[in-house]
Each structure stands twice: as structure tokens, then as C-alpha cells.
1. With (1) of a type outside the set (Asp, Glu); (2) exposed (fewer than 12 other Cβ atoms within 10 Å of the Cβ); (3) touching a helix residue (DSSP H, G or I) at 6+ places or on another chain (Cβ under 7 Å) as the list, and Lys19 as the residue in question, which single condition is left unmet?
2. Any idea how many residues of segment 305-335 are charged (D, E, K, R) and under 19 Å from the mean Cα position of the chain (by Cα)?
3. Restricting attention to segment 55-82, and to residues there that are surrounded by fewer than 18 Cβ atoms within 10 Å (Cβ to Cβ) and among the polar types (S, T, N, Q), which single residue is nearest to the chain's Cα centre (by Cα)?
4. Which one is surrounded by the most Cβ atoms within 10 Å (Cβ to Cβ) among residues in segment 184-200 that are in a helix (DSSP H, G or I) and charged (D, E, K, R)?
5. Any residue at all in segment 308-326 that's of a type in the set (Lys, Arg), over 27 Å from Arg131 (Cβ atoms) and either touching a Phe, Trp or Tyr at 6+ places or on another chain (Cβ under 8 Å) or assigned to a helix (DSSP H, G or I) (or both)?
6. Do any helices (runs of 4 or more DSSP H) entirely within segment 202-307 hold 3 or more residues that are over 19 Å from Ile18 (Cα atoms), and if so, which?
7. Pick from Gly110, Gly106, Gly156: which is crowded, with 23+ Cβ neighbours inside 10 Å, touching a helix residue (DSSP H, G or I) at 6+ places or on another chain (Cβ under 8 Å) and farther than 25 Å from Ser229 by Cβ?
8. Considering every residue within segment 280-296, establish whether at least one is modelled with pLDDT of 95 or more, within 20 Å of Asp225 (Cβ to Cβ) and buried (at least 16 other Cβ atoms within 10 Å of the Cβ).
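The values are calculated or read from the model by the stated rules, or taken from the named source; none is laboratory data. Since the structure is predicted, the reported quantities are computational estimates derived from the model, not experimental observations. We place every Cβ from the backbone using ideal geometry, glycine too, and count neighbours over all the protein chains shown.
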Amino acid sequence: MNKQVMPWKYNLSIIENIKPALRYDGSEGFATWQSRARAKLAELLGMDKLKKPEVPAFEIEYEKEQEGFTEYRIRVESEVGYSFPCVMLVPRNRAPKMPMVFCLQGHSTGMHVSLGRARHSEDAMDIEGDRDFAIRALREGCVAVAIEQRNFGECGAKENGAPDCHVSSMSAILCGRTTIGERVCDVSAAIDVVTSHFDFVDEERIILLGNSGGGTATFYAAAMDERISVAVPSCAVCTYKHSIAAMEHCVCNFVPHIAEYFDMGDIGGLIAPRALVVVNGRLDPIFPDAGVRETYAVIEELYRAADAPDRCRLVTGEGDHRFYADPVWPQVHDLLG
């Protein structure tokens, strides 16, 4: 009989030896594989359990003139009975058609960080970590929309502003849903509303970006919603064996049965041939560089299979768990063309 092994190490050994059932093997056309794989991913995320309205309802709660831009606060109904706020920043000197950046915070105190507005003591550190996404997007000549993700900020934070995912995420699993699927649904609803009601949005240049938990939602949303032209997930794309299964992570990262069918590199193939910029920090302790590079090697193979080898990029910062806006934005502009 073998000596005692800790249960988490035993389960990790199972994941390390799984060959994902839906990994692309070249035996069918790439587009055919994508169709099958996207349908399975939708099932695993519990997308069929979400009660979407026929047309997402929305309300403009205010419109304010700020220095250099107009700010809109919009409430969007993504499911019947559930709505969330987002804030859109439109440059004062906007062009008739402009690229649109949807911004997703990770496990922070909320979307106000994207707007560069500190409300809690820890917000300054997040903003200094290049997580004031919407403000940077404005400087880069884009319209920006900061989305309040489920269980963060106004959509479920604790009294001290800390994210509060546990009960909501576990309750979702009891219902055959997942928090990732819910966040994907919210992103798609925000895209629906903004592209349908604001004529200055260039629907061919929709960018989705986020860091950490926001990077995770970015990656899955881009795999599911083909309107996203450029996806920029930061500090989130890594093998399950190196990260999600290897250490403590928030329960909102978990999708039942997913390792049986996909690793994260496989999911990256659902974004091809659309543009993908994977961002990581070489010293990131929770999404280790080795796991990121193993994942990105799979993504590169899939982009070659999609005949789009130049549409994926890896940007590695020489630090830890942050966004690295300065090296990222030139890649985004290059891919937008």
C-alpha cells in the first residue's frame, strides 16, 4: 500500500494525466471542431440555464460632461430579474466610428477602479497596477465601458468592499450554472446594448480586456461571443494543473467537468482567428509563467490550424500579477489594423 497522499495532490495527479476529450486533433475541419467545442463549452458553463430576456432592457441612469469626455451610467438587464451597472466614457472629440473597449476588473472593490477612482484603501495599488483600464482606453483613442461583474463592487461586495463570490458561485453550481457563465452572459448583454443604441461604436473593433478574474471572464467571453474582435486576458490564462488545480483560488474560477474536455489552451482555439493577446507576469505566483507558456504553445498550434498564426500574441511583463498596459497597447493597435 502506498504512503498517505494529500487529497488535493491526488486530484491534481488526475488532472495532470487527463487528455481533454475535445482537444483539436486535425481529424476534422477546424470550423467544425469549433462549432462542437463551443456548444460543449456553453453546456459546461450552464449557459442554457440563464433566463435571458428576448431583448436586453437598459436604462441610462445619468449623462455627465467630464473633462475631455462624456460619462454615461447605464443599467443593463442580462437575465430576467437581474441587472448590473456599467459606465461608458466617450471622448469629447470622438470620430463617427470608434473602437470600443469593454473593461473587466478582477477580484477588486469594483468597476470604479477601471475609472481610476479610488474608494477604498487598496484601490490605489490596483490603479497603479495599470488596472484603470477605462482611462487608459480613452488615452488610446477608444470609447470605454467599465462593467460591474457579479459578486464584485455594486454587484455583491462585502461591506468593506471586498469581493464576495463564495455563496453566489456555489449556489450557481447547485442550479447547473457557473459564475463564469453568468459573467459571460453579462458581457454579451453589454455588447448588445451598446452596439444597438450608440451609433458611434465600430462593431468590427470591439475589444474586451481584464486582469485576473477579469482576465478569466475575458477569455471565456471571447471564446463564446464572436463579436469580440480583440481579447486581452491578463494574468488568467494558464494550464489548470499549474494554477486553478494547484493552489487556492476563488470558487468563481471553477467549472464542473471542464478538465475532462478542455484545458485553457484548447479554449483559446475558440477565439481564433480573432485577435488574442495573452498577458502574464513572469513572477506571477498564482498563474505561473511555465503554465502560461505551455498554454500559449497550444494556442499557437490552434491559430496555425485556423490559418491565423499572426493573430495571437504573448506579452510577458517582468513583474507579478498586474496588467502591463504599456507593452500591451501597441499589440492591440497592431491587431486592430
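1. Just one mismatch for Lys19, condition (3).
2. So the answer is 4.
3. Per the criteria, the residue is Thr70.
4. As a first pass, look at segment 184-200 and keep what is in a helix (DSSP H, G or I): 184-197.
Still in the list and also charged (D, E, K, R): 186, 192.
Working: Asp186: 27, Asp192: 19.
Restricting to residues being in a helix (DSSP H, G or I) and charged (D, E, K, R), the top hit is Asp186.
5. Step one: filter segment 308-326 for residues of a type in the set (Lys, Arg), giving 311, 313, 322.
Next, from what is left, pick out any that are over 27 Å from Arg131 (Cβ atoms): none.
The answer is no, given that none of the residues of segment 308-326 is of a type in the set (Lys, Arg), over 27 Å from Arg131 (Cβ atoms) and either touching a Phe, Trp or Tyr at 6+ places or on another chain (Cβ under 8 Å) or assigned to a helix (DSSP H, G or I) (or both).
6. Working: elements: 213-224, 258-261, 264-268, 289-305.
Passing ranges, in order: 213-224, 289-305.
7. From the options Gly110, Gly106, Gly156, the qualifying one is Gly110.
8. In the first step, residues of segment 280-296 are kept if they are modelled with pLDDT of 95 or more; the result is 280-296.
With the extra rule that they be within 20 Å of Asp225 (Cβ to Cβ), the set shrinks to none.
Checking segment 280-296: not a single residue is modelled with pLDDT of 95 or more, within 20 Å of Asp225 (Cβ to Cβ) and buried (at least 16 other Cβ atoms within 10 Å of the Cβ).
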